[in-house]
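Chemist: One structure, as structure tokens, below. Some questions next.
FYI, it's all coordinate maths here, none of it is from the lab. This is a predicted model, so every value here is computed, not measured. Every residue, glycine as well, gets a Cβ built from its backbone with ideal geometry; the counts of neighbours run over all protein chains shown.
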Amino acid sequence: MSNDSKSGRRSGGQIICDVLLQEGVNAIFGMPGGASLPFYDALYHYPQIRHYLARHEQGAGFMADGYARAKNQVGVCTSTSGPGATNFVTSMASAQMDSVPVVYITGQVAREFIGTDAFQETDATGVSIPVTKQNYLVKDIDELPRTVKEAFYLAKSGRPGPVHLDIPKDIFLAETDAPIPDEIEVRGYQPASAGDSGMIRRAADLINEAKKPVIIAGHGVAISEAWDELRVLAEKVNIPVITTLHGVGCFPETHPLSMGMLGMHGMYYANIAVDQCDLLIGIGFRFDDRVTGRVSGFAPNAKIIHIDLDPAEIEKVVQTDVPIVGDAKATLAQLNPIVGRAETDTWLDYLSKLRSEHPSETPPDTDQFLPQHMIRQIYKHSDGKAKVIADVGQNQMWASQNFFYDHPLSFFSAGGTGPMGYALPAAMGVQVACPDDEVWCVTGDGGFQINIQELAAVAEYKIPIKIGVMNNGHLGMIRQWQNRFYDGRLMGAELANPPFDKVAEAYGIPGLVARTKDEADEAIAKARSIDGPVLIDFMVAENEDCMPMVFPGASLAETVEA
Amino acid sequence: MLSQREQSIQYSTMVLLVEDHPGVLTKVSMVLRRRGFNIASLSVGHSEQPGVSRMTIVVEGTGPRIKQCEKQLYKLIEVLNVYDLTEYDRVDKELAIVRISGQGGKRAEITSAAQAFDAEVVDLGKDYVTCQITASPYSIERFLEMASDFGIMELTRTGVVTMARGRKAGLGAQSVEQTEKEVTSQDGTL
């Protein structure tokens, strides 16, 4: 059986497996079905690629997403035609919005049945157009080697994203001598490298003269692995660094220049710093509405430098003074040598005072067991070294606020699309990618139940993630909004939950319960001592709101602290 | 024929060079739809380069919004070039075939009116005249206004195709490179 050879007569299934090996993929997440059986039969002969059987295709998609983010490489998942492919859609949308390189391989009915409403036939590539970077329905076996290779190239290069390969059943079986190309060139697709040097010079001039600058670092810094360059820029010029949700970890949060996260639930002082700055250096972020608040009131006194790889993000939301289309790492490498220390001491003193007067990151001092305490305790026990995967909602914001992330690629969250149910499968993918790291899945009691079935895969493959259910008996963010903006008319916000520790036990995963801070300390210590997956049901205070908050329609200047 | 609303709208005219692959037209129209751009007219055909199709798209809106539209279209892998020709001197042509009611002995009157518009009579029946007109969308609108006085029985239009005048602004094979440079220098985003 051929394995890593680049030529010779091979089946479609073999070609795909060979490309996976070439691309360094050692795990694939998926669920088989009729149309993908020949692919599974090929996988059978490739023990180097470990298959993880998900219990729902959405789970497989998020596992590949977590794997891709943690490794900063392509993650791969697979499903069959029809419902298998449509179940992928939510995870595709999330990977597309969050720029995550995932290659989706779906089976399709055999070519002769396409367009006949055959059993389990869905126009999968029709469905995936708006939620993928690129997609292909491969109808010619001779085109498969190039197409699969191109899928990986497009997923990873430029602004990464999901690429969908829809493969008819008979194409998996058909054979060809066509070789797998070493290099891929796609006309009409030329991702930018470093930005324009004239623009970089203009940026440097603004930076050198700034009195009140801030850096906002986003996902692009993580994707291009520009954290060292970011740190050089911040330290050399003496600029405070604020991150977006996806930028968390790109700059050490215990660093004196770190100002935490901004946005709707950002740190008060970070939001105020952005409001009052005279120069905003945005690196690899897209002025998302959850970051900017009301756009007309966003950084009203600032000149804006915007560095982004995707030209379509430049001036999509705000007008910029210096637009730079370029890769963050390459651009900062050009920028750093031509900037010098700026006169920012007064500004930094002011922000430091602001921060000590408004300590957003400190949980309230109370005997009650608050959700914030749970995160802070995980932080302390893991010595800040854990990788944390948050779900969506209050838990996501608290997980980003109450843990000081000092390491890049240590906090993951589906920020753009906000798909509840992300954390459990994504944490599994992160753990598969980083088997030696401590991985915590932080999820609410609502989101947890959206992909709770993946506990079966956690148990089956003994994926040693620690699952922290932040259980407040509610869809907490819904309750918070209904309380604040709908006069407390709770509708669909309360949850009647099963005992999650018992659910975990039923799957064969140790389950613990923590009702107080002391119990939480004990449970976390115990979970960390167990070599394998553990679930802790943290029964936290029910009515805690996630603060600070920028109300809908308000500007960052109007950040509410309590 | 254009409604009152349509007459008051400002339009932009874009030319796209795209890979001649299945599904590309769907992808282009879906980008426009999901980003909220209304298509007034869209026509596709071969270009001078084998394997490359040329689209002329007229969309509602102008200015920064269209700039965003252009950038979003560029993000499609199969889109090779996007040119906003709105501000260029260009040749806009469209073909329309109209069956006009000739009842009441109006056939001769229609035929002579058609001559004034350089329209060609391509079919003639007892009570109708079918005309073909190749002209700018503006001239076609005027022709249709005239035709509607007699009664339009059936109408089909191809949608506009366009080409910039002169080599500098043109998009022929020889000038593509030059135009690319211009687009790049305008916004640094190509």
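Chemist: Suppose every Lys and Arg Cβ carries +1 and every Asp and Glu Cβ carries -1, with no other charges. What dipole size does the protein assembly as shown come out with about its Cα centre, to the nearest 20 debye?
Modeler: Numbers: 67 positive and 96 negative charges, 122 e Å.
Using only the charged Cβ atoms, the result is roughly 580 debye.
Chemist: Could you work out the local net charge near A:P498, counting Lys and Arg as +1, Asp and Glu as -1, over the other residues with Cβ closer than 13 Å to its Cβ?
Modeler: Combined, the nearby Lys, Arg, Asp and Glu give -3.
Chemist: Can you tally the net charge around A:D349? Count Lys and Arg as +1, Asp and Glu as -1, for every other residue whose Cβ sits under 14 Å from the Cβ of A:D349.
Modeler: Numbers: positive: A:K211, A:K212, A:K353, A:R355; negative: A:E343, A:D345, A:E357.
Result for the local shell: +1.
Chemist: Stokes-Einstein diffusion coefficient for the range B:91-157 at 25 °C in a medium of 0.890 mPa s, Rh from the Kirkwood formula over Cα pairs: what value in µm²/s?
Modeler: My calculation gives 214 µm²/s for D.
Chemist: Taking beta carbons within 10 Å but only from partner chains, what does the mean come to for residues A:128-135?
Modeler: The per-residue average across the peptide is 3.
Chemist: Largest first and to the nearest Å, give the Cα extent of the range A:84-176 along each principal axis.
Modeler: 36, 28, 14
Chemist: Quick one: what do you get for the protein assembly as shown if you divide its Cα Rg by 2.2 N^0.38 Å?
Modeler: After normalising by residue count via 2.2 N^0.38 Å, the value is 1.07.
Chemist: Now, a different point. Ranked highest first by the average count of other Cβ atoms within 10 Å around their residues, in what order do A:533-540, A:62-69 fall? Mind showing how you got there, number by number?
Modeler: Values: A:533-540: 26.0, A:62-69: 32.4.
Peptide ranking by packing, descending: A:62-69, A:533-540.
Chemist: Quick one: compute the contact order of the range A:166-318, relative version, from alpha carbon pairs under 8 angstrom and 6+ residues apart, as a percent.
Modeler: After rounding, I find 22 percent.
Chemist: Take every Cα-Cα pair in the range A:371-539 and report what % of them are more than 24 Å apart.
Modeler: Result for the distance tail: 28 percent.
Chemist: Would you report the distance distribution of C-alpha pairs in the range B:35-115 as whole percents per 5 angstrom bin, up to the bin with the largest distance?
Modeler: Whole-percent P(r) values from 0 Å outward: 3, 9, 17, 19, 13, 9, 8, 8, 7, 5, 2, 0.
Chemist: Given the C-alpha centroids of the range A:265-319 and the range A:45-101, what is the distance between them in whole angstrom?
Modeler: Result: 32 Å between the Cα centres.
Chemist: With the Cα gyration tensor of chain B in hand, give its eigenvalues times 5 under a square root as the equivalent ellipsoid semi-axes, listed largest first in whole angstrom.
Modeler: After scaling each eigenvalue by five and taking roots: 36, 17, 15 Å.
Chemist: Please report, in whole Å³, the volume per residue of the convex hull around the C-alpha atoms of the range B:2-65.
Modeler: So the per-residue hull volume is 95 Å³.
Chemist: Explain nothing, just the number: relative contact order of chain A, from Cα pairs under 8 Å at least 6 residues apart, as a whole percent.
Modeler: 14
Chemist: I'd like the mean, over residues of A:298-311, of how many other protein chain beta carbons sit within 10 Å of each residue's own Cβ. Working shown, then result.
Modeler: Working: counts 0, 0, 0, 0, 0, 0, 0, 0, 0, 0, 0, 0, 4, 10.
Neighbouring Cβ atoms belonging to other protein chains average 1 per residue here.
Chemist: Continuing with this model, one more query. So, counting K/R as plus one and D/E as minus one, what does the shell of residues with Cβ under 13 Å around B:S53 add up to?
Modeler: -2
Chemist: May I ask you to work out the translational diffusion coefficient for the range A:10-176 at 37 °C, viscosity 0.692 mPa s, via Stokes-Einstein with Rh from the Kirkwood sum over Cα pairs, reported in whole µm²/s?
Modeler: 218
Chemist: Report, as a whole number in µm² per second, the diffusion coefficient that Stokes-Einstein gives for the range A:444-541 at 10 °C and 1.306 mPa s using the Kirkwood radius over alpha carbon pairs.
Modeler: This corresponds to a translational diffusion coefficient of 111 µm²/s.
Chemist: Further question: Can you find, among A:I105, A:S193, A:G115, the residue sitting farthest towards the positive end of the charge dipole of the range A:105-206, where Lys and Arg contribute +1 and Asp and Glu -1 at Cβ?
Modeler: A:S193
Chemist: A further question follows. What does the highest-first list of B:53-60, B:123-130, A:488-495 look like by mean Cβ count within 10 Å? Could you put the intermediate results ahead of the total?
Modeler: On the way: B:53-60: 21.6, B:123-130: 14.8, A:488-495: 12.1.
Top to bottom by mean Cβ count within 10 Å: B:53-60, B:123-130, A:488-495.
Chemist: For B:19-25, what's the mean count of beta carbons from other chains sitting within 10 Å of each residue's beta carbon?
Modeler: 2
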